[in-house]
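Okay, so here's the structure we're looking at.
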């Protein structure tokens, strides 16, 4: 499967989620649930915009997968901020993870944190001891 097909499948997934959320909006009267559904729709829209930008930037048909041994400087990591079709990466404890398709990082942000940064201290204060990182793809390590 090439990058273009992957992008299209991801757009389809987001559109399906949006349809489900809209159906729920019609059936619920709980304002808290409505707000959560509206936030999810906003994230889906942001994801789709990012994916469309990636397609416009010419997603290659045979891009190589990044090596888990790739070394990143903080400057290089900052380029992977999830904007302008770029993937969204974060570093935790010297390991660089791809959060591009992670729902919690919709719009390349997570509770005020931005992709393209080292979030080690914030991760430790919120998610220590949780297996969240094991679900993310490792794309490299921090240099130094």
Can you tell me which of 88, 124, 49 moves the most in a GNM of the chain? Springs connect C-alpha atoms under 10 Å apart. 124
Ranked list, fewest to most other Cβ atoms within 10 Å of each Cβ, for 95, 139: 95, 139
Rg to Rh ratio, the chain, alpha-carbon atoms and Kirkwood radius? 1.00
Ellipsoid semi-axes in whole angstrom, largest first, where each is sqrt(5λ) of the Cα gyration tensor of segment 70-141: 17, 14, 11
Please check: in the Gaussian network model of the chain (C-alpha springs, under 10 Å), which one of 107, 82, 54 has the largest mean-square fluctuation. 54
Relative to the longest principal axis of the C-alpha atoms of the chain, give the angle of the C-alpha long axis of helix 31-56, reported between 0 and 90° and rounded to the nearest 10°. 50 degrees
Helix 3-27 sits at what angle to the longest principal axis of the chain, using alpha carbons and giving 0 to 90 degrees rounded to 10? 40 degrees
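Rounded to the nearest 500 deg cm²/dmol, what is the calculated helix-only ellipticity per residue at 222 nm for the chain, with -39500 (n - 2.57) per DSSP H run of length n ≥ 4?
Details: 4 runs with 64 residues, N = 144.
After summing the helix terms and dividing by residue count, I get -14500 deg cm²/dmol.
Which whole-number percent of Cα pairs in segment 3-56 have a distance greater than 17 Å?
Working: 553 of 1431 pairs.
In whole percent, the share of Cα-Cα pairs in segment 3-56 beyond 17 Å is 39.
All of the numbers you see were taken from the coordinates with simple rules; none came from a lab. Remember, it's a predicted structure, so these values are computed and weren't measured experimentally. Here Cβ is always computed from backbone atoms with ideal geometry, including for glycine, and neighbour counts include all displayed protein chains.
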